Amino acid sequence: MTSARRRSYGVKGAPYAHPSPTTTLKRARSAPYFFLLPATVLFALFFALPIGYAVWLSLHKVQVNGLGLGSGARREVWAGFENYADALTDSELLDGALRVLGYGAIVVPVMLGLALVFALMLDSDKVKLAPFTRLAIFLPYAIPGVVAALLWGFLYLPDVSPFYFVLEKLGLPQPDLLDGGGLYAALSNIAVWGGTGFNMIVIYTSLQAIPTEVYEAAKLDGATPLQIALRIKIPMVAPSLVLTFFFSIIATLQVFSEPTTLKPLTNSVSTTWSPLMKVYRDAFGEGDIYSAAAGAVIIAVATLVLSFGFLRAANSRNKRDDSQGAVR
(Lines give C-alpha, C1' and ligand atoms only; values in the text may rest on other atoms or scores of the structure.)
Protein backbone atom coordinates (compact mmCIF):
# COMPACT_ATOMS: atom_id res chain seq x y z
CA MET A 1 0.00 0.00 0.00
CA THR A 2 1.38 3.37 -1.03
CA SER A 3 1.93 5.90 1.73
CA ALA A 4 -0.21 9.03 1.57
CA ARG A 5 2.78 11.24 2.26
CA ARG A 6 4.63 10.12 -0.88
CA ARG A 7 4.12 12.48 -3.81
CA SER A 8 4.33 11.61 -7.46
CA TYR A 9 7.12 13.36 -9.36
CA GLY A 10 4.71 14.34 -12.07
CA VAL A 11 2.36 16.30 -9.78
CA LYS A 12 2.49 20.05 -10.29
CA GLY A 13 4.20 21.79 -7.40
CA ALA A 14 6.06 18.66 -6.25
CA PRO A 15 9.47 19.59 -4.83
CA TYR A 16 11.37 17.06 -6.94
CA ALA A 17 9.33 17.18 -10.14
CA HIS A 18 11.33 16.52 -13.33
CA PRO A 19 10.96 19.01 -16.24
CA SER A 20 9.21 17.76 -19.31
CA PRO A 21 11.30 16.60 -22.30
CA THR A 22 10.21 19.66 -24.29
CA THR A 23 11.45 22.03 -21.59
CA THR A 24 14.76 20.18 -21.31
CA LEU A 25 15.25 20.38 -25.08
CA LYS A 26 14.54 24.12 -25.13
CA ARG A 27 17.01 24.72 -22.32
CA ALA A 28 19.67 22.68 -24.08
CA ARG A 29 19.18 24.62 -27.31
CA SER A 30 19.28 28.03 -25.62
CA ALA A 31 22.27 27.32 -23.36
CA PRO A 32 24.96 28.09 -26.02
CA TYR A 33 23.40 31.49 -26.69
CA PHE A 34 23.65 32.43 -23.02
CA PHE A 35 27.36 31.57 -23.07
CA LEU A 36 27.86 33.61 -26.25
CA LEU A 37 25.92 36.61 -24.99
CA PRO A 38 28.75 38.36 -23.02
CA ALA A 39 31.23 38.02 -25.87
CA THR A 40 28.62 39.14 -28.39
CA VAL A 41 27.78 42.25 -26.37
CA LEU A 42 31.44 43.18 -25.98
CA PHE A 43 32.06 42.56 -29.69
CA ALA A 44 29.13 44.77 -30.65
CA LEU A 45 30.02 47.61 -28.28
CA PHE A 46 33.78 47.78 -28.76
CA PHE A 47 34.27 46.44 -32.30
CA ALA A 48 31.23 46.42 -34.55
CA LEU A 49 29.75 49.71 -33.31
CA PRO A 50 32.98 51.76 -33.69
CA ILE A 51 33.52 50.31 -37.18
CA GLY A 52 29.97 51.18 -38.18
CA TYR A 53 30.35 54.69 -36.78
CA ALA A 54 33.62 55.17 -38.68
CA VAL A 55 31.95 54.08 -41.93
CA TRP A 56 29.05 56.45 -41.23
CA LEU A 57 31.43 59.36 -40.61
CA SER A 58 33.36 58.60 -43.79
CA LEU A 59 30.18 59.10 -45.81
CA HIS A 60 29.51 62.60 -44.40
CA LYS A 61 31.17 65.99 -44.27
CA VAL A 62 30.66 69.39 -42.71
CA GLN A 63 29.11 72.10 -44.85
CA VAL A 64 29.97 75.67 -43.84
CA ASN A 65 27.61 78.52 -44.66
CA GLY A 66 29.03 82.02 -44.85
CA LEU A 67 31.78 82.66 -42.34
CA GLY A 68 30.84 79.62 -40.31
CA LEU A 69 29.69 81.71 -37.36
CA GLY A 70 26.46 81.40 -35.44
CA SER A 71 24.03 78.58 -34.95
CA GLY A 72 23.34 76.50 -38.02
CA ALA A 73 26.37 77.83 -39.90
CA ARG A 74 27.99 74.41 -39.79
CA ARG A 75 25.98 71.31 -40.47
CA GLU A 76 26.68 67.72 -41.29
CA VAL A 77 25.62 66.67 -44.79
CA TRP A 78 25.82 63.53 -46.90
CA ALA A 79 29.05 63.30 -48.90
CA GLY A 80 28.81 59.83 -50.42
CA PHE A 81 32.19 58.60 -51.60
CA GLU A 82 33.72 62.06 -51.85
CA ASN A 83 35.97 61.53 -48.83
CA TYR A 84 37.19 58.23 -50.26
CA ALA A 85 37.98 59.82 -53.62
CA ASP A 86 39.93 62.59 -51.90
CA ALA A 87 41.85 60.09 -49.77
CA LEU A 88 42.76 57.84 -52.69
CA THR A 89 44.07 60.80 -54.68
CA ASP A 90 45.93 62.34 -51.72
CA SER A 91 49.66 62.27 -52.42
CA GLU A 92 50.50 62.28 -48.71
CA LEU A 93 48.55 59.06 -48.11
CA LEU A 94 50.07 57.37 -51.15
CA ASP A 95 53.60 58.44 -50.21
CA GLY A 96 53.04 57.13 -46.70
CA ALA A 97 51.86 53.80 -48.10
CA LEU A 98 55.04 53.53 -50.21
CA ARG A 99 57.18 54.26 -47.17
CA VAL A 100 55.37 51.57 -45.19
CA LEU A 101 55.91 49.06 -48.01
CA GLY A 102 59.64 49.80 -47.96
CA TYR A 103 59.65 49.50 -44.20
CA GLY A 104 57.82 46.17 -44.37
CA ALA A 105 60.19 44.83 -47.03
CA ILE A 106 62.95 45.13 -44.42
CA VAL A 107 61.09 44.18 -41.24
CA VAL A 108 59.11 41.08 -42.26
CA PRO A 109 61.85 38.92 -43.84
CA VAL A 110 64.51 39.89 -41.29
CA MET A 111 62.24 39.37 -38.28
CA LEU A 112 60.83 36.03 -39.46
CA GLY A 113 64.26 34.84 -40.58
CA LEU A 114 65.76 35.55 -37.16
CA ALA A 115 62.76 33.99 -35.41
CA LEU A 116 63.13 30.81 -37.45
CA VAL A 117 66.89 30.60 -36.82
CA PHE A 118 66.47 31.15 -33.08
CA ALA A 119 63.69 28.56 -32.88
CA LEU A 120 65.79 25.97 -34.71
CA MET A 121 68.77 26.67 -32.47
CA LEU A 122 66.69 26.33 -29.30
CA ASP A 123 65.19 23.09 -30.59
CA SER A 124 68.65 21.57 -30.94
CA ASP A 125 69.83 19.04 -28.38
CA LYS A 126 73.23 20.72 -28.11
CA VAL A 127 71.98 24.13 -26.96
CA LYS A 128 72.85 25.15 -23.40
CA LEU A 129 70.82 27.37 -21.05
CA ALA A 130 67.79 26.99 -23.31
CA PRO A 131 65.23 28.42 -20.81
CA PHE A 132 67.36 31.50 -20.15
CA THR A 133 68.07 32.02 -23.86
CA ARG A 134 64.40 31.62 -24.74
CA LEU A 135 63.41 34.17 -22.11
CA ALA A 136 66.11 36.62 -23.21
CA ILE A 137 64.92 36.49 -26.82
CA PHE A 138 61.27 36.85 -25.85
CA LEU A 139 61.77 39.61 -23.27
CA PRO A 140 61.87 42.57 -25.73
CA TYR A 141 58.35 41.66 -26.85
CA ALA A 142 57.11 42.37 -23.31
CA ILE A 143 58.40 45.96 -23.48
CA PRO A 144 55.77 48.45 -24.74
CA GLY A 145 56.41 49.79 -28.22
CA VAL A 146 56.62 53.41 -27.10
CA VAL A 147 59.20 52.57 -24.43
CA ALA A 148 61.25 50.56 -26.94
CA ALA A 149 61.13 53.40 -29.47
CA LEU A 150 62.29 55.91 -26.82
CA LEU A 151 65.09 53.60 -25.74
CA TRP A 152 66.42 53.11 -29.24
CA GLY A 153 65.75 56.74 -30.16
CA PHE A 154 68.20 57.98 -27.55
CA LEU A 155 70.70 55.34 -28.65
CA TYR A 156 70.45 56.79 -32.17
CA LEU A 157 71.22 60.36 -31.02
CA PRO A 158 74.93 61.14 -31.55
CA ASP A 159 75.15 63.42 -28.49
CA VAL A 160 73.96 60.85 -25.93
CA SER A 161 74.52 57.47 -27.58
CA PRO A 162 77.36 55.31 -26.20
CA PHE A 163 77.67 53.69 -29.63
CA TYR A 164 78.64 56.98 -31.27
CA PHE A 165 81.11 57.64 -28.46
CA VAL A 166 82.83 54.30 -29.12
CA LEU A 167 82.85 54.88 -32.89
CA GLU A 168 84.36 58.33 -32.39
CA LYS A 169 87.12 56.96 -30.15
CA LEU A 170 87.91 54.25 -32.68
CA GLY A 171 87.98 56.73 -35.54
CA LEU A 172 85.20 54.95 -37.39
CA PRO A 173 82.46 56.64 -39.43
CA GLN A 174 79.34 57.65 -37.51
CA PRO A 175 76.22 57.09 -39.62
CA ASP A 176 73.17 59.24 -39.04
CA LEU A 177 70.39 56.74 -38.41
CA LEU A 178 67.71 59.41 -38.02
CA ASP A 179 68.02 60.87 -41.49
CA GLY A 180 67.69 59.64 -45.05
CA GLY A 181 67.95 55.94 -45.75
CA GLY A 182 69.27 55.25 -42.28
CA LEU A 183 65.84 56.10 -40.89
CA TYR A 184 64.36 52.94 -42.42
CA ALA A 185 67.09 50.87 -40.77
CA ALA A 186 66.48 52.60 -37.42
CA LEU A 187 62.72 52.01 -37.48
CA SER A 188 63.12 48.46 -38.76
CA ASN A 189 65.58 47.66 -35.99
CA ILE A 190 63.03 48.67 -33.35
CA ALA A 191 60.34 46.46 -34.88
CA VAL A 192 62.67 43.49 -35.35
CA TRP A 193 64.03 43.79 -31.82
CA GLY A 194 60.55 43.83 -30.34
CA GLY A 195 58.78 41.28 -32.56
CA THR A 196 61.31 38.51 -33.11
CA GLY A 197 60.71 36.95 -29.69
CA PHE A 198 56.98 36.48 -30.19
CA ASN A 199 57.40 34.86 -33.61
CA MET A 200 60.20 32.69 -32.26
CA ILE A 201 57.90 31.33 -29.52
CA VAL A 202 55.20 30.47 -32.07
CA ILE A 203 57.66 28.60 -34.31
CA TYR A 204 59.42 26.94 -31.37
CA THR A 205 56.11 25.65 -30.02
CA SER A 206 55.39 24.02 -33.38
CA LEU A 207 58.82 22.42 -33.38
CA GLN A 208 58.18 20.95 -29.96
CA ALA A 209 54.99 19.32 -31.27
CA ILE A 210 56.86 17.28 -33.91
CA PRO A 211 57.18 13.64 -32.76
CA THR A 212 60.71 12.61 -31.84
CA GLU A 213 60.27 9.43 -33.88
CA VAL A 214 60.53 11.54 -37.02
CA TYR A 215 63.98 12.80 -36.02
CA GLU A 216 65.12 9.34 -34.96
CA ALA A 217 64.11 7.86 -38.31
CA ALA A 218 65.97 10.64 -40.14
CA LYS A 219 69.10 10.03 -38.07
CA LEU A 220 68.96 6.32 -38.83
CA ASP A 221 68.89 7.20 -42.52
CA GLY A 222 72.08 9.21 -42.05
CA ALA A 223 70.59 12.72 -42.15
CA THR A 224 72.74 15.50 -40.68
CA PRO A 225 71.30 18.16 -38.30
CA LEU A 226 71.31 20.67 -41.15
CA GLN A 227 69.41 18.28 -43.42
CA ILE A 228 66.89 17.56 -40.65
CA ALA A 229 66.33 21.28 -40.18
CA LEU A 230 65.94 22.03 -43.89
CA ARG A 231 63.99 18.97 -45.01
CA ILE A 232 61.94 18.05 -41.94
CA LYS A 233 61.63 20.85 -39.40
CA ILE A 234 61.02 23.82 -41.68
CA PRO A 235 58.41 22.07 -43.90
CA MET A 236 56.56 20.78 -40.83
CA VAL A 237 56.34 24.24 -39.23
CA ALA A 238 55.16 25.88 -42.46
CA PRO A 239 51.68 26.62 -41.00
CA SER A 240 53.32 28.51 -38.13
CA LEU A 241 55.42 30.47 -40.60
CA VAL A 242 52.26 31.40 -42.50
CA LEU A 243 50.61 32.51 -39.25
CA THR A 244 53.56 34.67 -38.18
CA PHE A 245 53.79 36.17 -41.67
CA PHE A 246 50.07 37.01 -41.47
CA PHE A 247 50.52 38.78 -38.12
CA SER A 248 53.62 40.59 -39.39
CA ILE A 249 51.79 41.97 -42.42
CA ILE A 250 49.03 43.39 -40.22
CA ALA A 251 51.53 44.95 -37.78
CA THR A 252 53.55 46.46 -40.64
CA LEU A 253 50.57 48.08 -42.34
CA GLN A 254 49.48 49.58 -39.02
CA VAL A 255 52.87 50.97 -37.96
CA PHE A 256 52.34 54.09 -35.87
CA SER A 257 54.03 54.21 -32.47
CA GLU A 258 57.65 53.87 -33.66
CA PRO A 259 57.72 56.79 -36.15
CA THR A 260 55.49 58.90 -33.92
CA THR A 261 57.83 58.43 -30.96
CA LEU A 262 60.93 59.23 -33.03
CA LYS A 263 59.35 62.30 -34.64
CA PRO A 264 60.49 64.77 -31.91
CA LEU A 265 64.08 63.52 -32.33
CA THR A 266 64.40 64.16 -36.06
CA ASN A 267 62.93 66.29 -38.83
CA SER A 268 62.97 63.37 -41.25
CA VAL A 269 59.76 61.91 -39.81
CA SER A 270 56.78 63.96 -40.93
CA THR A 271 53.29 63.90 -39.48
CA THR A 272 52.23 61.81 -42.50
CA TRP A 273 55.15 59.36 -42.56
CA SER A 274 52.75 56.42 -42.39
CA PRO A 275 49.07 56.22 -43.39
CA LEU A 276 47.94 55.87 -39.77
CA MET A 277 49.94 58.96 -38.81
CA LYS A 278 48.10 60.90 -41.51
CA VAL A 279 44.76 59.65 -40.19
CA TYR A 280 45.77 60.78 -36.71
CA ARG A 281 46.82 64.21 -37.97
CA ASP A 282 43.60 64.71 -39.93
CA ALA A 283 41.44 63.72 -36.96
CA PHE A 284 43.23 65.38 -34.04
CA GLY A 285 45.51 67.92 -35.71
CA GLU A 286 43.17 69.41 -38.29
CA GLY A 287 39.86 68.34 -36.75
CA ASP A 288 38.62 66.67 -39.94
CA ILE A 289 37.22 63.44 -38.52
CA TYR A 290 35.32 62.68 -41.73
CA SER A 291 38.39 62.48 -43.95
CA ALA A 292 40.22 60.65 -41.17
CA ALA A 293 37.43 58.08 -41.00
CA ALA A 294 37.62 57.52 -44.76
CA GLY A 295 41.39 57.03 -44.52
CA ALA A 296 40.98 54.59 -41.64
CA VAL A 297 38.42 52.53 -43.56
CA ILE A 298 40.73 52.41 -46.60
CA ILE A 299 43.62 51.18 -44.44
CA ALA A 300 41.40 48.53 -42.85
CA VAL A 301 40.15 47.29 -46.21
CA ALA A 302 43.68 47.20 -47.63
CA THR A 303 44.86 45.22 -44.60
CA LEU A 304 42.02 42.71 -44.97
CA VAL A 305 42.57 42.29 -48.71
CA LEU A 306 46.31 41.73 -48.40
CA SER A 307 46.03 39.45 -45.37
CA PHE A 308 43.26 37.22 -46.64
CA GLY A 309 44.75 37.22 -50.13
CA PHE A 310 47.97 35.86 -48.70
CA LEU A 311 46.10 33.27 -46.60
CA ARG A 312 44.11 32.11 -49.62
CA ALA A 313 47.27 31.79 -51.71
CA ALA A 314 48.97 29.81 -48.93
CA ASN A 315 45.97 27.51 -48.49
CA SER A 316 45.68 26.86 -52.22
CA ARG A 317 49.37 25.99 -52.36
CA ASN A 318 49.01 23.58 -49.44
CA LYS A 319 46.05 21.89 -51.11
CA ARG A 320 47.99 21.59 -54.33
CA ASP A 321 50.95 20.05 -52.52
CA ASP A 322 48.66 17.63 -50.68
CA SER A 323 47.03 16.56 -53.93
CA GLN A 324 50.39 16.03 -55.59
CA GLY A 325 51.56 14.00 -52.59
CA ALA A 326 48.43 11.85 -52.77
CA VAL A 327 49.02 11.17 -56.47
CA ARG A 328 52.58 10.08 -55.77
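At a 10 angstrom cut-off on C-beta neighbours, averaged per residue, how do the peptides 161-172, 293-304, 229-240, 93-104 rank from highest to lowest?
The peptides rank, most packed first, as 293-304, 93-104, 229-240, 161-172.
Which whole-angstrom value gives the distance between the alpha carbon centres of the range 116-144 and the range 172-234?
The distance from the Cα centre of the range 116-144 to that of the range 172-234 comes to 10 Å.
Calculate for the chain the 222 nm mean residue ellipticity that helices alone would give, adding -39,500 (n - 2.57) per DSSP H run of length 4 or more and normalising by residue count, nearest 500 deg cm²/dmol.
Numbers: 14 runs with 209 residues, N = 328.
Value at 222 nm, helices only, nearest 500: -21000 deg cm²/dmol.
Could you give the nm distance between label points at THR212 and ARG317, where each point is 7 Å from its Cα heading toward the beta carbon?
Inter-label distance under the simple model: 3.3 nm.
Just the number please: accessible area per residue for the range 214-299, 1.4 Å probe, all protein chains included, in Å².
Values: 4290 Å² over 86 residues.
Per residue, the range 214-299 has an accessible area of 50 Å².
Sum up the charges of everything whose Cβ sits under 13 Å from the Cβ of ALA223, counting Lys and Arg as +1 and Asp and Glu as -1, but leave ALA223 out. List each step's numbers first, then the result.
On the way: positive: LYS219, ARG231, LYS233; negative: GLU216, ASP221.
Here the count lands on +1.
Taking the mean number of other Cβ atoms within 10 Å as a proxy for protection, how do you rank 182-189, 137-144 from highest to lowest? Before the final figure, lay out each step's value.
Numbers: 182-189: 19.4, 137-144: 14.4.
Sorting 182-189, 137-144 by mean packing, highest first, produces 182-189, 137-144.
The values are calculated or read from the model by the stated rules, or taken from the named source; none is laboratory data. A quick note: this is a predicted structure, and the numbers were derived from the prediction, not measured. Neighbour counts run over all protein chains shown; Cβ positions are idealised from the backbone, glycine included. Heavy atoms of the whole protein, side chains included, go into the accessibility calculation; ligands, DNA and RNA do not. Shrake-Rupley method; radii C 1.70, N 1.55, O 1.52, S 1.80 Å.
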